[in-house]
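Right, one structure below, let's go through it.
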Amino acid sequence: MSESDWPLWEVFVRAKRGVSHVHAGTVHAPDSELALQNARDLFTRRAEGVSIWVVRSSDVTASDPADAGSLFEPAIDKTFRHPSDFELPDEVAHM
Amino acid sequence: MGSSAITASANTGPTATQSDVESGPSLFDRLIDADERIEPTDPMPDEYRATLVRQIAQHAHSEIIGMQPEGAWLTRAPSLRRKAILTAKVQDEAGHGLYLYGAAETLGTPRHELLERLHTGRQKYSSIFNYPTPTWADVGAIGWLVDGAAIMNQVPLCRCSYGPYARAMVRICKEESFHQRQGFQIMLTLAQGTPEQREMAQAALDRWWWPAIMMFGPPDSESTHGDQSMRWGIKRFGNDVLRQKFIDATVPQADLLGLTIPDPDLRLDESTGTYRYGEIDWTEFWKVVRGDGPCNAERMATRVGAHENGQWVREATAAYAAKQAARAEAALQGAS
């Protein structure tokens with residue numbers, strides 16, 4: 001009995017109005033309509049969402065962990081991008 | 001820089017193994033030592049990957065096989081409310097199975113292969129589900145004791161070193177506490193009911209107590225995978241520690257129900273504030289693990305039957321999806 005699986009879909013759920021969709025997990029489904037249906041059954045049984053996105057996993061392009069250094073390390077030593085890097089005289093109450 | 005080197009999403013599986021990493025403490029070791037999480041595309045030792053696939057898959061199998069003992073009572077629940085609650089609980093177990101299969105798949109083993117390992121007996125599920133549920137009180141005892149023991153085991157897994165497993169467990173643990181409470185409430189209702197109902201509750205406790213405390217697995221002195229899993233942050237506490245915590249939490253609950261735990265050696269050790277308990281019959285445990293429990297054959301036959309009977313549905317939905325995709329494609333070409 002050899003079988004293959006339905007395609008894998010990444011599921012994103014918006015918990016309530018005003019916040020972004022957040023990755024919740026994956027489902028298998030033959031098409032986007034059933035992926036939505038399966039995602040609804042799996043991830044929103046307790047009113048966890050008001051909107052769902054499904055995206056075919058094979059359509060996601062991810063950064064390579066091997067590139068993490070060149071991609072993300074240059075940002076680490078640039079503390080001047082943060083307001084806390086600048087000391088102000090006490091007289092300046094709010095800025 | 002190969003941004004297209006990984007076309008796969010974070011969930012399509014492994015891209016590197018330990019051998020790909022240069023010498024010195026590997027990224028994997030540094031992450032483990034810092035108690036950081038490992039994510040699917042990170043390099044990891046083959047043995048870490050294999051251990052996780054085995055553990056997560058067996059956990060997933062347990063969730064879906066676990067639907068059966070309680071599922072048997074869906075059509076016989078004593079009221080519409082109890083029936084709705086039990087349906088929701090059994091549906092949750094299916095959901096937990098799916099979260100876990102999803103987590104296992106991130107390690108590169110496809111879903112159908114995991115199911116095949118279950119169906120051919122190459123992978124096991126928790127032995128507790130090989131016991132029958134002869135009365136409604138067994139449904140109560142399962143929720144109270146089996147789900148209670150599962151929670152004790154699962155809460156530490158929310159901090160497991162493998163990210164997708166830990167995230168699945170957070171979701172599962174949130175849902176499990178409803179399971180335990182509904183079970184305890186069934187027991188409470190029976191314990192406060194007629195003498196027959198009380199007797200039914202006691203008999204269910206008698207049946208489930210020992211199997212429930214065996215759920216934590218053999219004593220640490222005999223456990224095979226324990227040490228390595230602890231070092232890798234997959235397991236956070238030993239079997240005996242978790243078993244003791246469960247017993248200490250559960251004995252006062254049994255007292256509250258006015259039911260007697262079937263262990264004549266059970267007593268509070270005043271000096272430590274924990275309960276001493278009697279000898280566990282590990283011969284029975286291993287017998288059930290090896291396949292000689294009361295319901296092993298029935299559970300597997302039901303599972304394999306459900307899978308085979310669903311074959312035409314899977315084929316039909318796939319055919320429908322293919323037809324819709326072909327139509328959409330044709331419409332697109334017609335328009336251009």
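The values are calculated or read from the model by the stated rules, or taken from the named source; none is laboratory data. Please read all numbers here as calculations on a predicted model, not as lab measurements. All Cβ positions, glycine included, derive from the backbone under ideal geometry; neighbour counts span all protein chains shown. Keep in mind that these areas ignore ligands, DNA and RNA; they rest on the heavy atoms of the full protein, side chains included. Shrake-Rupley method; radii C 1.70, N 1.55, O 1.52, S 1.80 Å.
Scanning chain A for trypsin sites (Lys or Arg not before Pro) in DSSP loops with at most 15 neighbouring Cβ atoms within 10 Å leaves A:47-77 as the longest stretch between them.
Of the whole protein surface, residue A:23 contributes about 90 Å² of accessible area at a 1.4 Å probe radius.
Solvent-accessible surface (1.4 Å probe) assigned to residue A:72 amounts to roughly 120 Å². Here the Gaussian network model covers chain B, with springs between Cα atoms less than 10 Å apart; of B:103, B:137, B:325, B:325 fluctuates the most. Along chain B, the longest continuous region that contains none of the GluC sites (Glu not before Pro) in a DSSP loop with at most 11 other C-beta atoms within 10 Å is B:23-269. Comparing Cα centroids, segment B:217-261 and segment B:37-114 end up 21 angstrom apart. Coupling constants for segment B:169-184 follow from the phi torsions by the Karplus curve (6.51 cos²θ - 1.76 cosθ + 1.60, θ = phi - 60°), and in residue order they are 5, 4, 5, 5, 4, 4, 7, 5, 6, 5, 4, 5, 5, 5, x, 4 Hz; glycine and proline get x. When all protein chains stay in place and ligands, DNA and RNA are ignored, the 1.4 Å accessible-area order of B:67, B:44, A:95, largest first, is A:95, B:67, B:44.
What is segment B:158-233 by shape, rounded, prolate or oblate, if you read a ≥ b ≥ c off the alpha carbon gyration tensor as root eigenvalues and call it rounded for a/c under 1.5, prolate for a/b larger than b/c, and oblate otherwise? Oblate is the answer for segment B:158-233, as a/c is 1.5 or above yet b/c matches or exceeds a/b. Here the Karplus relation 6.51 cos²θ - 1.76 cosθ + 1.60, evaluated at θ = phi - 60°, turns the backbone of segment B:140-157 into coupling constants of x, 5, 5, x, 5, 8, 6, 5, x, 5, 4, 4, 4, 6, 8, 4, x, 6 Hz, with x for every Gly and Pro. Relative to one another, the C-alpha centroids of segment B:299-317 and segment A:44-95 are positioned 44 Å apart. Each residue was assigned an accessible area with a 1.4 Å probe, and for residue A:70 the value is about 80 Å².
By its C-alpha gyration tensor, with a ≥ b ≥ c as the square roots of the eigenvalues, how is segment A:1-69 shaped: rounded for a/c under 1.5, else prolate for a/b larger than b/c, else oblate? Oblate, since a/c reaches 1.5 and b/c is not below a/b. The modelled label-to-label distance for the pair residue B:199/residue B:309, using points 7 Å beyond Cα in the direction of Cβ, is 3.5 nm.
Relative to the longest principal axis of the Cα atoms of chain B, the long axis of helix B:311-335 lies at roughly 30 degrees.
In this structure, the pairs whose alpha-carbon distance is over 27 Å, taken from B:89/B:245; B:83/B:323; B:235/B:287; A:16/B:174; B:83/B:174; B:174/B:245, are B:83/B:323. Annotation: amide H-H contacts under 5 Å for residue B:274 (H modelled 1.01 Å from N, sequence separation of 5 or more, or interchain): B:269.
Result for chain B in a Gaussian network model with C-alpha springs under 10 Å: among B:106, B:283, B:51, the largest mean-square fluctuation is at B:283.
Subtracting the Cα-Cα distance of residue B:332 and residue B:47 from their residue separation scaled by 0.36 nm leaves 97.8 nm. Charge tally around residue B:127: other residues with Cβ under 10 Å, Lys/Arg +1 each, Asp/Glu -1 each, net +2. Once the Cβ-Cβ distance of residue B:116 and residue B:281 is raised to the sixth power relative to R0 = 41 Å, the FRET efficiency obtained is 0.80. Does chain B come out rounded, prolate or oblate, given a ≥ b ≥ c as the square roots of the eigenvalues of its C-alpha gyration tensor, rounded meaning a/c under 1.5 and, failing that, prolate meaning a/b above b/c? Verdict is oblate for chain B. Partner aspartates and glutamates whose Cα lies under 15 Å from the Cα of residue B:124, excluding those fewer than 8 positions away in the same chain, are identified as B:63, B:113, B:116, B:292, B:298.
Ordered by solvent-accessible area of protein heavy atoms (1.4 Å probe), largest first, the residues B:52, A:71 come out as A:71, B:52.
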